[in-house]
Amino acid sequence: MPLSRRTVGTIAVYLGTCMATIAISIVTVALPAIQRDLEVDVTGLQWIVGSYGLCLSAFMLSAGPLGDRYGRKRVWLIGVAIFALGSALAAGASTLPMLIAGCAIQGVAGALVIPGALSILSQTYHDPGQLSRVIGGWASVSAVSLILGPFVGGIFIDLFGWFSVFLLNVPLGFAALILGSIGVSESADPDHTALDPAGQLLSITLLASLTFALTEAGRSGWDTPLVLAGFFTSGVSFLLFLVVEARAAQPVFPVDLFSDLTFASVNIASFVLGFMGYSSLFFFSLFLQNAQGVSASQAGLRMAPVFLSMAVFSFRFGMISSRFGMIRPMIGGYAAMGVAMLGMTTFEPDTSYALLFAMFLLLGAGMGLSVPATSAVIMAITPRTRTGASSATLNTMRQSGMTIGIALLGSLMAGASSRAIAMGDSMAEAAAKGFNAAVLWGGMSALAVSFLLITGTRRQDSACND
């Protein structure tokens, strides 16, 4: 039986999401090979990874209004095409600057693709139950892409070389372009769109300078001139941004939507999801390798329960939300993440994998509920004419949270490890104590958000219970 146009469009959106998400995890396994081939130092490797996240977070807030104004399908397809071109540039890179440029282009394009996916789905599926199911599928695709990244990347690197992890995105992008051109229907709301060049420029400056400062601070210290200049620039940009957005007729940042307590609470929750959930994956790898002494491939396998559990619960979110609504699974998801991370504060170098497995499963379940629920609630309470800006804001909060989480929690981790070494602990014990410090703050932030959501969603829109 032939697929409906709507189904073809959904598959295209899922493929685009896979392309943008797999790029986050697949490049990590390629770094040692890149270091040997291009003869770069650790700082160069940091910027290979950081350029994608920097551009993604800096441009995401501006991407949603572009789709609302000029056509959600058109802007999304352009993003997919640019992502594929950036991937091809990175695959053909013979120098570090060329590779960083390719990754940066991927980040700019990802800012068009990721929030555009939710906006397109919300315009395609008007029934709340159907929308919950397809958003659950979208979250499952994200989780599975994160799982497959390290494993597929390792195989491709062994067979073809490091460039192949970037080249993989080209056929994915081509397939998404073809299916998207056929299956995605165009929609736009130019009369309700935030065309705010000053606000958009300030938001890019704010997020770019803050991300740069936080990234650089972890390497060179918080009081270096470059870091202080970054913080100063971000502070000035933030103040100017508030002034401009307060006066703009159609601000790029939907200030008016934040007057809804549910909208504000869920966006704060999205920030914390990135801060403690997404950033935790970096810390797990460090704990498993530095504290428990396993190899990189073994660490990837041991982290798999997080992704698998996340994929299962994301896939079943439609069924869960049809029975319990969207709010309760979201609150339960954040509570589960908090409990799991607080449980990880007991991890030591000789902790059995059985306990790690249980906590990883619980964390993945919490993320599997929280990711689609957070997105579904925002889409349910946002006017259909504002879905692009709303989706971009939600994803910007999450991505910014992950960036800040890696920087701040990473600093806490490094400080606790240094103090443990000074007290005479072994390197493995120090690594474990540093990990404990990071997950302690992550767990407390997740539990705090679960309580915030209980209060902030008390008067939620009726659509959230459908």
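The values are calculated or read from the model by the stated rules, or taken from the named source; none is laboratory data. The structure presented is a predicted model; accordingly, all values stated were derived computationally and were not measured. When we count neighbours, we look across all protein chains shown, and the Cβ atoms used for this are built from the backbone with ideal geometry, even at glycine.
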Original post:
Looking at Ala81, Ala88, Ala104, which one is among the small types (Gly, Ala, Ser), buried (at least 19 other Cβ atoms within 10 Å of the Cβ) and touching a helix residue (DSSP H, G or I) at 6+ places or on another chain (Cβ under 8 Å)?
Top reply: Ala104
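Matching residues to (1) touching a Ser or Thr at 6+ places or on another chain (Cβ under 6 Å); (2) part of a helix (DSSP H, G or I); (3) among the charged types (D, E, K, R); (4) closer than 29 Å to Gly405 by Cβ:
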| site | (1), (2), (3), (4) |
| --- | --- |
| Cys55 | no, yes, no, yes |
| Ala58 | no, yes, no, yes |
| Arg74 | no, yes, yes, no |
| Ile78 | no, yes, no, no |
| Arg133 | no, yes, yes, no |
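Determine, yes or no, whether Arg386 is modelled with pLDDT under 95, over 22 Å from Gly136 (Cβ atoms) and surrounded by 20 or more Cβ atoms within 10 Å (Cβ to Cβ). Give the steps one after another, and end with the answer.
Working: modelled with pLDDT under 95: yes; over 22 Å from Gly136 (Cβ atoms): yes; surrounded by 20 or more Cβ atoms within 10 Å (Cβ to Cβ): yes.
Against the criterion (modelled with pLDDT under 95, over 22 Å from Gly136 (Cβ atoms) and surrounded by 20 or more Cβ atoms within 10 Å (Cβ to Cβ)), Arg386 qualifies.
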Original post:
Quick one: would you say Phe315 is of a type in the set (Phe, Trp, Tyr), out of contact with any Leu (no Cβ under 7 Å at 6 or more places or on another chain) and touching a residue at least 12 places away in the same chain (Cβ under 8 Å)?
Top reply: yes
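Can you tell me which residue among Phe347, Phe324, Phe317 is under 30 Å from Met427 (Cα atoms) and among the hydrophobic types (A, V, I, L, M, F, W, C)? Full working, then the answer.
On the way: Phe324 fails: under 30 Å from Met427 (Cα atoms); Phe317 fails: under 30 Å from Met427 (Cα atoms).
None of the other options fit; the residue is Phe347.
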**OP:** Looking at (1) among the aliphatic types (A, V, I, L, M); (2) over 30 Å from Leu342 (Cβ atoms); (3) modelled with pLDDT of 85 or more; (4) in contact with a Phe, Trp or Tyr (Cβ under 8 Å, 6 or more places away or on another chain), find the lone condition where Ile204 falls short.
**Re:** (3)
**OP:** Could you check, for the range 6-19, whether at least one of its residues is aromatic (Phe, Trp, Tyr), more than 28 Å from Leu202 (Cα to Cα), modelled with pLDDT of 90 or more and out of contact with any Pro (no Cβ under 8 Å at 6 or more places or on another chain)?
**Re:** yes
Original post:
Just wondering, is there one or more residues in the range 285-294 that are surrounded by 18 or more Cβ atoms within 10 Å (Cβ to Cβ) and within 12 Å of Val439 (Cα to Cα)?
Top reply: yes
Original post:
Any residue in the range 112-124 that is more than 25 Å from Thr396 (Cβ to Cβ) and assigned to a helix (DSSP H, G or I)?
Top reply: no
**OP:** Could you please give the count of residues in the range 270-320 that are basic (Lys, Arg) and more than 22 Å from Phe151 (Cα to Cα)?
**Re:** 1
Original post:
If you take the residues in the range 282-293 that are assigned to a helix (DSSP H, G or I) and among the small types (Gly, Ala, Ser), which one is farthest from the chain's Cα centre (by Cα)?
Top reply: Ala291
Original post:
If a residue has to be buried (at least 20 other Cβ atoms within 10 Å of the Cβ) and touching a residue at least 24 places away in the same chain (Cβ under 8 Å) to count, how many in the range 413-433 make the cut?
Top reply: 3
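Are any of the residues in the range 26-44 part of a helix (DSSP H, G or I), among the hydroxyl-bearing types (Ser, Thr, Tyr) and at pLDDT 80 or above?
No, the range 26-44 contains no residue that is part of a helix (DSSP H, G or I), among the hydroxyl-bearing types (Ser, Thr, Tyr) and at pLDDT 80 or above.
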Subject >> Given (1) of a type in the set (Val, Ile, Thr); (2) closer than 15 Å to Ser391 by Cα; (3) buried (at least 20 other Cβ atoms within 10 Å of the Cβ), index of the condition Val306 fails >> reply: (2)
Original post:
Looking at the range 154-169, which of its residues are surrounded by fewer than 23 Cβ atoms within 10 Å (Cβ to Cβ) and assigned to a helix (DSSP H, G or I)?
Top reply: Gly154, Ile155, Phe156, Ile157, Asp158, Leu159, Phe160, Ser164, Leu167
Original post:
Do the conditions hold for Phe232, that is, is it in a helix (DSSP H, G or I), at pLDDT 85 or above and over 23 Å from Ser391 (Cα atoms)?
Top reply: yes
